[in-house]
Every structure is written in C-alpha cells, then in structure tokens.
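The structure under discussion appears below in the form of structure tokens.
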Amino acid sequence: MTVGPDTRWMRHVPPESGACSMDLFHAMASLCGAGPHELPPEAHRLREDIGEARHYIFILLDGLGMNLRDDYPKRGFFNSHFHRELRAMFPSTTTSVLVSLATGLWPAQHGIIGWFTHLPDAGFTSVPLLFNERFTATPLSDLGLDVHKVFPFQRRTDGYDRTVRFLSHKFLVDTPFGSWSRGAAQGIGFENTQHAVELLADALHSDTRPSYNYLYVSELDHVEHRHGVRDPAVGEIIETLDGRLSHLRSVLDKDVRMIVSTDHGHIEVPPENRFVVKEGDPLNACLEVPPSGEPRTPVFHVKPERNHDFLGILRDTLGCTFDAVSVDEADGLRLFGPHALSERARAHLGDWIGVTDEPYALLYAPPGREPIDFLGYHGGLSLDEMSIPLFLA
C-alpha cells in the first residue's frame, strides 16, 4: 500500500504541475502591498496578468472546477473572461484553502488539513470552519480553545495598503472563523449572490480610497455534494452566477479589476466505492481516533502497538483503492506544499494518509449514527478535483 515511484496521482501535486492557487494568493497580496518580498515565478506572472488597479474584487466560487467548463453560458462572463487553468492546493478542500488564503501559508505550514482536523494536544477532533468538536458539535470555545489557538497565524490582509472588505453569506460572516479570517476588516453578510453584487457595486461607487474586496460564494459546492456534478441544478447555478458576474462587471468603473477563481473541483463517488468504517471494525481498532482529514484523503492516527498490523488491515478493508503514505513520505514528497511539515502539521496528520486520484471515499459512522454520505466529493488528487479556472475581468 505504500507509495511507489510511478504512482499516477503524483502528477497532480503542486507546485510541480504548474501555477496553483497559492501563486494566485501571493500575486494578489503583492498587488495589495503585503506579498512576499520575492514572488515565485508563477506568482510573478500572475501578478503581471492581473495588473495594477485601484480596486480589486476577488470572488471565490466554491466548487467551480474545470470539469464544469461545458456548463458555462456560451457568450457569458465565464467564457468571455477565462484566463487560464490553475492547480488547486492539496488537500483540495475548502478548509485548507481558506486558511491558506487568509495567511499565505501552505497546509504543510498551518496544519489545517481537512474538514475534520484532529488536535492531539486538545484531545479531540475539530471541524475548524464551524469551530466545533466533530461528534458533539460542542463549540471549541466551550472546550477551552480560543480561536487564536486554533488559528495562531498572522492574517495577510492586516498588511494590505487599502480598505479591505469581506463578503459572505449571513450565516458565515460572524462565525469564529469568519471573524478571525478578516480581522479588523469590514465583514458584510448577504442573503444571496444578487444581494452580494448590489452591496459590492454600492461600496465601490462610494469608495474614496483603494480597496480589496473578497466575496465567498458556496451554493454551487452544496449542490455538487448532494447531487453530483452532472445534476441539472449545477448548470442552473452556473448560469445564474454567470449572469450576476456579467452584471457586476457592467456596472463597475474601469479602475476595478475582478479576479474570479475557486478552491477545488468535485468528483462523483458511486455508492459501491464509498467504504464505511464503524466503531467495532478491525481498522478502527488500530486507531487512536476515527479517521480524520477528508473522505477522499483520510488521515490515520495509529495506536503505536498496532502500527505493524495497520497496513494489512487497511488492505483487507479497502483493497488497493488508496495508497497509504506515511507522514515521513508525505513530507519528503512535499505533498502538502513546498515546505517541510511543521510540527503542528505532523501532529495533525498522524501516521498515515490515504491518497488517491480514483473515485473512492472512506467514511466513518459514529455509534448509532449513519455517516454523512454524498455523491460529490473533493479533497483528493484527481484531475477533476485539482484543475481549477482563473477568470480576469
């Protein structure tokens, strides 16, 4: 099960596969006065492509992978302003990407490695974006964790030389993560994307100084999880978003630069390829805590006395669906970014990581409950998950 030199998924690992979302984040930060002193070559090229502007709008459309390009309206915003393809960061999941966007740090550095991130020092597994404990939904603050202990990082936008605004759905804007990620910047909640477009246009028309405006939209991702990428509702949402972005561009002045991208794409995992681990299963008996990370990239904290048995039981449970990569192998491959794993990331990644670019998922069912079971997934290394678009307008 361990990784071999010809493993196919390795060809999708950034940065070897070209420009990725971190290059875009570096480029935007540099244009706003807070980028690294020396940009990587791909980030420098993206900075030149974006160009200097008085106002920037960065719109992150959660889940808009390149595999949805056939759904773009023929003469709409997406087709007219498509600039290039990028690679997502790994793991290809919102949690990790949003922390990287906020901090300029790779997952190898910040250690937020999936929807479920185990915190060994605290003794439980967290859901960082919801800021709660995985199984009881208890707020982490009630368990003695301040938001700055979970996210002990400097926010990049704190150093921007302009007005900064964060726009997200009303139910997200004042969550612990939402408040932490924007810092002192203004947080604006919206009802829907039409409302968001109106709020943005009004704010930019009244601005007296340069600005950076970040808009996060999650509807598409929610539909893909529930119904997959081929459902008609996916095309309907893309058409709606396309129309609203076209309208926004049409009412903005020329000194506004729109940058639109995403965090990841989706892959459909059929029911027969979804493996469910339950409390009494032999695999779970090898683990200190249930698998964490993502169903597409499960993370295993193995009991020291069961480490010898773990790989055999994993093979018996999953066959050859995932490559089991040790944390040391992941570090050597720079799987989570071009830096050595931080002590924090190593702790959160445990002992072994399941990696695949095939349509498989590993789910966990708590005692007396069913697992959260979707058709659409992300977090893995398939081309559909890792290939993302960049639009400039």
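What to note about this one:
Here is a yes/no grid of residues against (1) in contact with a helix residue (DSSP H, G or I) (Cβ under 8 Å, 6 or more places away or on another chain); (2) in a loop (DSSP other than H, G, I, E, B); (3) on the phi < 0 side of the Ramachandran plot:
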residue	(1), (2), (3)
Gly189	yes, no, yes
His195	no, no, yes
Ala201	yes, no, yes
Leu204	no, no, yes
Tyr216	yes, no, yes
His222	no, no, yes
Val229	yes, yes, yes
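- Selection status of Val173, in the same structural domain as Ile237 (by TED's automatic domain parsing), over 16 Å from Asp62 (Cα atoms) and touching a strand residue (DSSP E or B) at 6+ places or on another chain (Cβ under 9 Å): no
Yes or no, residue by residue, for (1) under 16 Å from Glu294 (Cα atoms); (2) among the hydroxyl-bearing types (Ser, Thr, Tyr); (3) not assigned by TED's automatic domain parsing to the domain that holds Val97:
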position: Ala324; (1), (2), (3): yes, no, yes
position: Val327; (1), (2), (3): yes, no, yes
position: Asp331; (1), (2), (3): no, no, yes
position: Ala340; (1), (2), (3): no, no, yes
position: Trp352; (1), (2), (3): yes, no, yes
position: Tyr364; (1), (2), (3): yes, yes, yes
position: Arg369; (1), (2), (3): no, no, yes
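- Evaluated against (1) more than 30 Å from His205 (Cβ to Cβ); (2) in a loop (DSSP other than H, G, I, E, B); (3) assigned by TED's automatic domain parsing to the domain that holds Val260, Asp70 falls short on exactly one condition, (2).
Conditions tested, residue by residue: (1) without any contact (Cβ under 8 Å) to a residue 24 or more places away in the chain; (2) out of contact with any helix residue (DSSP H, G or I) (no Cβ under 9 Å at 6 or more places or on another chain).
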{"position": "Val327", "(1), (2)": "no, no"}
{"position": "Ile353", "(1), (2)": "no, no"}
{"position": "Pro366", "(1), (2)": "no, yes"}
{"position": "Glu370", "(1), (2)": "yes, yes"}
{"position": "Leu375", "(1), (2)": "no, no"}
{"position": "His378", "(1), (2)": "no, no"}
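- None of Leu248, Leu283 is assigned to a helix (DSSP H, G or I), under 30 Å from Thr356 (Cβ atoms) and out of contact with any Gly (no Cβ under 9 Å at 6 or more places or on another chain) except Leu283.
Yes/no matrix, rows are residues, columns are (1) assigned to a strand (DSSP E or B); (2) surrounded by 16 or more Cβ atoms within 10 Å (Cβ to Cβ):
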| residue | (1), (2) |
| --- | --- |
| His339 | no, no |
| Ile353 | yes, yes |
| Leu363 | yes, yes |
| Asp384 | no, yes |
| Pro389 | yes, yes |
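- Only one of Glu52, Glu85, Glu48 that is modelled with pLDDT of 95 or more and in contact with a strand residue (DSSP E or B) (Cβ under 7 Å, 6 or more places away or on another chain): Glu85
- Check on Val277, assigned to a strand (DSSP E or B), touching a residue at least 60 places away in the same chain (Cβ under 8 Å) and out of contact with any Gly (no Cβ under 8 Å at 6 or more places or on another chain): yes
- Restricting region 131-171 to residues that are assigned to a helix (DSSP H, G or I) and surrounded by 16 or more Cβ atoms within 10 Å (Cβ to Cβ), the residue that is farthest from the chain's Cα centre (by Cα): Leu140
The values are calculated or read from the model by the stated rules, or taken from the named source; none is laboratory data. None of these values were measured; they are calculated from a predicted model. Note that each Cβ is placed from the backbone with ideal geometry, even for glycine, and that neighbours are counted across all protein chains shown.
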